[in-house]
């Protein structure tokens, strides 16, 4: 407390704007102390009060300082706008948060929303302010205000202005086309936004009457609250239309901002009607301290506004993933057949990859044309309705998580048992897909190699390239690390697929292809309708396959440019390359330890490809469906119990 006398001597109501505000910042720094004890901070406030009581001249200076402060600093932005993006746009708010992190603020400001974070920058401030007792608050009010009645009236006018500004923002956002056009037209609340200004004006008129009519005030308050609730109901109707209309991060951001504005409006209204203005003011300031902490985080901004989009992406992936789960013997055999077809196509992919390498292009162009080969073969697999095993997990995980929507219901035990059944179906399906891919790609590559030897008199790849393949796939190297990283890439491609399908729906591309006059004039009505249905059905697969192909081809040269040199190991492609290396070396390959170390790595590459991509996709889907940690523990226990009792069911259908 040795700094208090110096602080009190430095109090100068006639100092410059910046110096007055710096004094306030230093006062709060002194009250906080080392931030270890709330009671110590409250005790320092009491010491400040007692020191003022002992010096009447200092009290007069403080009252003058306070009068100048409330006349020069506009508190309305702090009450109405603090914590909200100025342009209700996600990117602008992201840029604003980056600016606040990188650039220092200045106390030379008349905007309370700029000064406030500098005065109370920590959560500890909210703790000690909340701990202040009512007598202390009354003493502080008496020390600050020379005319309490006048200051209370100013406070009420500031609150009413803040309510007016909040209402204007709510109305403007509610009229935004991307929200207004998605509101349910059958809802009785669609025109609630139109009447908001009239309700606020009526509330202002009644509240500031010279002789207040309490009955009229209560009626005006009730009318305003009901109007806000009707606006909230109109906004809620938007969520029911997202499946057909798609969603964007920008739209989620606007919806969250709008709902937060409505909550802020209710807070301000409660403070306006409070019989204890000083206590109401402190409660509002404490909430603004929490807001100040929230708006510092860039990660929180991205997380909170991407949750709903992630949920829709997960749901759209779930629709695709259902096609990859087999539940009986006939579906299991069908999956094996599709996977064998995918393995045969991958043999051609292996050939194209080695042809690109043989040309000897620069790293980027070699990666680019390899990407084209990968993407083209993956799309061919899709169009022929074959299966590439490693693409399954990221698609099937959301479909699995969708089964857990009712895990908290009265029938949760049945739901959990059904989910474990789905897990066994999924594992069997992926085992079938991997076996089909791997066991077909080997003879297919050997066949391609035989054709090339007959035609050209040499194997698909040289002996030097074959030894390089063995060195890159050996279990003694970083192969398993690259296989796990490939699982992350597979998950990323599935998210790109879900996002692209959501974008396709959001912008009504399917409808445009089917009904746009220029397109129908070129294609004809029937062909345009077929193209629209084809794109709607396959856009997700195209996005996934193209993105996966280009990531497989371009990540190694791109990261190699920076000296990181990340590699990827895809189980089917790796098996095809190993088969080509074995065909080039002939029977000599079986006598080399490097060959067998590479063979041993194949099942582990497959397990990591599948496991890592499934882990990330399933975690995202669980988050999207709000599955709690307790329920996640129940899921793990149930799966482990099934494994102990019926392990064979995870590999062979009943």
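The values are calculated or read from the model by the stated rules, or taken from the named source; none is laboratory data. Model, not experiment: these values are computed from the prediction. Cβ placement follows ideal geometry from the backbone for every residue including glycine, while neighbour counts extend to all protein chains displayed.
Mind listing just one residue for me: the one in the range 590-624 that is farther than 22 Å from residue 493 by Cβ and in contact (Cβ under 8 Å) with a residue 60 or more places away in the chain and, of those, surrounded by the most Cβ atoms within 10 Å (Cβ to Cβ)?
So the residue we want is 598.
Tell me which of these residue 35 doesn't satisfy, since it passes every other one: (1) exposed (fewer than 15 other Cβ atoms within 10 Å of the Cβ); (2) part of a loop (DSSP other than H, G, I, E, B); (3) at negative phi.
(3)
Tell me, which helices (runs of 4 or more DSSP H) lie completely within the range 83-159 with 2 or more residues that are closer than 29 Å to residue 55 by Cβ and modelled with pLDDT of 90 or more? Steps first, answer last, please.
Values: elements: 90-102, 112-119, 123-130, 134-144.
Here the list reads 112-119, 123-130, 134-144.
Among 49, 25, which is the only one that is under 38 Å from the mean Cα position of the chain (by Cα), in a helix (DSSP H, G or I) and either modelled with pLDDT under 95 or surrounded by 15 or more Cβ atoms within 10 Å (Cβ to Cβ) (or both)?
On the way: 49 fails: under 38 Å from the mean Cα position of the chain (by Cα).
None of the other options fit; the residue is 25.
Just wondering, is there one or more residues in the range 233-246 that are touching a residue at least 40 places away in the same chain (Cβ under 8 Å), crowded, with 20+ Cβ neighbours inside 10 Å, more than 32 Å from the chain's Cα centre (by Cα) and more than 17 Å from residue 169 (Cα to Cα)?
Scanning the range 233-246, I find no residue that is touching a residue at least 40 places away in the same chain (Cβ under 8 Å), crowded, with 20+ Cβ neighbours inside 10 Å, more than 32 Å from the chain's Cα centre (by Cα) and more than 17 Å from residue 169 (Cα to Cα), so the answer is no.
Looking at 600, 533, 579 in this structure, which one is in a helix (DSSP H, G or I), modelled with pLDDT of 90 or more, under 30 Å from residue 362 (Cβ atoms) and assigned by TED's automatic domain parsing to the domain that holds residue 439? Spell out how you get there, then give the answer.
Numbers: 600 fails: under 30 Å from residue 362 (Cβ atoms); 533 fails: under 30 Å from residue 362 (Cβ atoms).
One residue alone meets the criteria, 579.
Checking the structure you have, find out if any residue of the range 113-121 is in contact (Cβ under 8 Å) with a residue 12 or more places away in the chain and surrounded by fewer than 17 Cβ atoms within 10 Å (Cβ to Cβ).
No, the range 113-121 has no match at all.
Farther than 22 Å from residue 119 by Cα, assigned by TED's automatic domain parsing to the domain that holds residue 75, surrounded by 16 or more Cβ atoms within 10 Å (Cβ to Cβ) and modelled with pLDDT of 90 or more: which single residue out of 270, 265 fits that description? Reasoning before the result, please.
Working: 270 fails: surrounded by 16 or more Cβ atoms within 10 Å (Cβ to Cβ).
Just one listed residue meets the conditions, 265.
Restricting attention to the range 1-15, and to residues there that are in contact with a helix residue (DSSP H, G or I) (Cβ under 9 Å, 6 or more places away or on another chain) and part of a loop (DSSP other than H, G, I, E, B), which single residue is modelled with the lowest pLDDT?
Result: 1.
Of the numbered conditions (1) more than 30 Å from the chain's Cα centre (by Cα); (2) over 14 Å from residue 235 (Cβ atoms), residue 167 fails exactly one; give the number of that condition.
So residue 167 meets the others, but not (1).
Would you be able to say whether some residue in the range 418-429 is in a helix (DSSP H, G or I), without any contact (Cβ under 8 Å) to a residue 40 or more places away in the chain and over 19 Å from residue 341 (Cα atoms)?
Scanning the range 418-429 turns up at least one residue that is in a helix (DSSP H, G or I), without any contact (Cβ under 8 Å) to a residue 40 or more places away in the chain and over 19 Å from residue 341 (Cα atoms).
Starting from the range 24-49, take each residue that is more than 14 Å from residue 136 (Cα to Cα) and list its partners that are assigned to a loop (DSSP other than H, G, I, E, B), counting only C-beta distances under 8 angstrom and pairs at least six apart or across chains.
25/107; 28/120; 30/3; 32/122; 35/122; 38/131; 40/33
From 60, 41, which residue is in a helix (DSSP H, G or I), over 37 Å from the mean Cα position of the chain (by Cα) and surrounded by 14 or more Cβ atoms within 10 Å (Cβ to Cβ)? Can you show your working first?
Details: 60 fails: surrounded by 14 or more Cβ atoms within 10 Å (Cβ to Cβ).
Just a single option satisfies the conditions, and that option is 41.
Quick grid of which residues meet (1) outside the structural domain of residue 444 (by TED's automatic domain parsing); (2) touching a helix residue (DSSP H, G or I) at 6+ places or on another chain (Cβ under 8 Å); (3) surrounded by 22 or more Cβ atoms within 10 Å (Cβ to Cβ):
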{"residue": "328", "(1), (2), (3)": "no, no, no"}
{"residue": "333", "(1), (2), (3)": "no, no, no"}
{"residue": "339", "(1), (2), (3)": "no, yes, yes"}
{"residue": "349", "(1), (2), (3)": "no, yes, yes"}
{"residue": "359", "(1), (2), (3)": "no, yes, no"}
